[in-house]
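> For reference, the structure I am asking about is given below.
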Amino acid sequence: MTGTLITVAPTGAESSKAAVPALPVTLDELVATAKECEALGAAIIHVHIRDDDAKPTLDQGRLRATVAGLRESTGLIVQLSSGGSVTDPEADRLAVLDAGPEMASCTMGTVNFGDDVFMNRWEFVVELHTRMQERGIVPEYEIFDLGQLTTLQRLLSSYGLPFGGHVHVDLVMGVPGGMPGTAEALVACRQALRDLPEGTTFSATGIGRSTIPVMLASLSAGGHLRVGMEDTVTYAKGQPVESNMQLVARAVGFAQLAQRPPLSPSEARELLGIPAR
Ligand code: KMH
Ligand code: ZN
């Protein structure tokens, strides 16, 4: 059993700054959050960015400035979201890869997403996967439902392994429209992961109140953790999250209790097949 890979997803595309004032939305806020989360034990940052009005954007100039700013100030693995927000066109989502991140997310299928639909057509998924292979970007395959693990198997057997040869997935659990954030659902995914290439690793993310059960289930099943205000804005009943650091600190505490302490960014690069910096 290795240590724990901790990913922070600090912003997302769904919460508004007005509703969640602690959300980091400017580059300065994002970099400050990243530095503090790295110091606590995070190794990856999953990034969505905002415009001057704090609205989600995939603006290429801002994406490049964000990758550069995070690389300059932290050792974190920078993982750009290719998911964006539910209204982003496919072309803009593919263009995220032009900003040159070490990693990017790659969702394995369409899913109802609250009252919206998060579209991920097969041809689009193939395009994301193959462009990442060509450009030396390591994907994190986002799994919102059990069948998407079978889609990943189909993708890998038809188009080959990702850049670096290591397969890493993130189970995004508890989205209204996707799989529930329960230990039972996580175990079902754990079973299905056995059909993926040997050495495949997984992290898990529990949306909203499923954050704690999913963290505990993932740690006990040998998985890794993703936490952050993209996924959780309530720390405990009636208590809003104060900062991303509060969520990372809690995840680090759980990982230490499980005797699987946080992996450093360089250990994480080694695990995921990402070239050392
Ligand atoms: N914002 C969601 C529609 C990803 O980052 O790749 C998609 C999402 C997944 O957050
Ligand atoms: Zn995301």
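> Pick out, from Ala251, Ser210, Asn112, the residue whose Cα sits farthest towards the positive end of the charge dipole of the chain, with +1 on the Cβ of Lys and Arg and -1 on the Cβ of Asp and Glu.
Ala251
> Rounded to the nearest 20 Debye, what is the dipole magnitude of the chain about its Cα centre when Lys and Arg each give +1 and Asp and Glu each give -1 at the C-beta?
600 debye
> Once the piece of chain linking Arg62 and Glu267 is laid out straight, how much longer is it, given 0.36 nm per residue of separation minus the C-alpha distance between them?
71.0 nm
> Mind checking which of Val20, Val167, Val175 has the largest fluctuation in a GNM of the chain, springs on alpha carbons under 10 Å?
Val20
> Using Cα pairs closer than 8 Å and at least 6 residues apart in sequence, work out the relative contact order for region 192-277, in percent.
Across region 192-277, relative contact order equals 20 percent.
> For Glu140, which sequence-distant residues (separation of 5 or more, or a different chain) have an amide H within less than 5 Å of its own amide H, given hydrogens modelled in the peptide plane?
Ala104, Ser105, Cys106
> Continuing with this model, one more query. To check my understanding: the extent here is largest minus smallest coordinate of the Cα atoms along each principal axis. What are those three numbers for region 178-277, in Å, largest first?
Sorted from largest, the Cα extents of region 178-277 read 42, 34, 24 Å.
> Pick out which of Gly75, Gly41, Gly61 has the largest mean-square fluctuation in a Gaussian network model of the chain, springs linking Cα atoms closer than 10 Å.
Gly61
> Filter the trypsin sites (Lys or Arg not before Pro) in region 182-248 to those in DSSP coil with at most 15 other Cβ atoms within 10 Å of their Cβ, and list the result.
Passing both the DSSP loop test and the Cβ count: Arg194, Lys237.
> Can I ask one more? What FRET efficiency would be calculated for the residue pair Asp53, Trp122, taking the C-beta separation as r and a Förster radius of 41 Å, to the nearest 0.05?
Efficiency for this residue pair is about 0.75.
> Now for a different question. Quick check on the chain: of the DSSP beta bridges with both residues there, what percent are antiparallel, nearest 5%?
Of all bridge pairs located within the chain, approximately 20 percent are antiparallel.
> In region 229-277, what percent of the accessible surface is made up of carbon and sulfur (1.4 Å probe, ligands and nucleic acids excluded)?
Carbon and sulfur together cover 55 percent of it.
> 5 Å is the cut-off here: which amide hydrogens, built 1.01 Å from N in the peptide plane, fall below it relative to Asp116, excluding neighbours closer than 5 in sequence?
none
> With +1 on each Lys and Arg Cβ and -1 on each Asp and Glu Cβ, and nothing else charged, work out how big the dipole of region 46-131 is about its Cα centre, in Debye to the nearest 20.
260 debye
> What does the charge dipole of region 141-242 about its Cα centre add up to, to the nearest 20 debye, if the Cβ of each Lys and Arg holds +1 and the Cβ of each Asp and Glu holds -1?
140 debye
> When every alpha-carbon pair in region 51-146 is counted, what percent end up more than 20 Å apart?
So the portion of pairs separated by more than 20 Å is 37 percent.
> Once R0 is set to 41 Å, what does the formula 1/(1 + (r/R0)^6) return for the Cβ-Cβ distance between Gln191 and Thr26, expressed as a FRET efficiency to the nearest 0.05?
After rounding to 0.05, the efficiency reads 0.45.
> Roughly how many Å² is the accessible area per residue of region 85-146, as a whole number, for a 1.4 Å probe?
I get 38 Å² per residue for region 85-146.
> What number, in nm² with one decimal, is the all-direction average of the projected area of the convex hull of the alpha-carbon atoms of region 100-257?
9.6 nm²
> Translational diffusion coefficient, Stokes-Einstein: compute it for the chain using the Kirkwood radius over C-alpha pairs as Rh, at 10 °C and 1.306 mPa s, and state it as an integer in µm² s⁻¹.
Answer, rounded: 87 µm²/s.
> Here is a follow-up. Could you tell me the relative contact order of the chain? Use alpha-carbon pairs under 8 Å, at least six residues apart, and round to a whole percent.
23 percent
> Using the Karplus curve 6.51 cos²θ - 1.76 cosθ + 1.60 with θ = phi - 60°, what ³J(HN,Hα) values do you get for each residue of region 22-28, in whole Hz, with x for Gly and Pro?
Result, ordered by residue: 7, 5, x, 10, 8, 4, 4 Hz.
> Say we join alpha carbon atoms closer than 10 Å with springs in a Gaussian network model of the chain; which of Pro240, Pro56, Pro180 then has the biggest fluctuation?
Ranking Pro240, Pro56, Pro180 by mean-square fluctuation puts Pro240 first.
> Which GluC sites (Glu not before Pro) from region 190-256 combine a DSSP loop assignment with at most 16 other Cβ atoms within 10 Å?
Glu198, Glu242
> Still on this model: May I ask which residue of Leu40, Leu27, Gln79 lies farthest towards the positive end of the charge dipole of region 11-113, with charges of +1 (Lys, Arg) and -1 (Asp, Glu) on Cβ and the Cα centre as origin?
Farthest towards the positive pole: Leu40.
> Bin all alpha-carbon pair distances of region 3-46 at 10 Å intervals from 0 and give each bin's fraction as a whole percent.
Values per bin, smallest distances first: 28, 52, 19, 2.
The values are calculated or read from the model by the stated rules, or taken from the named source; none is laboratory data. Here the structure is a predicted model, which is why all the values come from computation and not from measurement. Quick reminder, even Gly has a Cβ in these numbers, built from the backbone with ideal geometry, and neighbours come from all protein chains shown. For accessibility, only protein heavy atoms count, side chains too; no ligands or nucleic acids. Shrake-Rupley method; radii C 1.70, N 1.55, O 1.52, S 1.80 Å.
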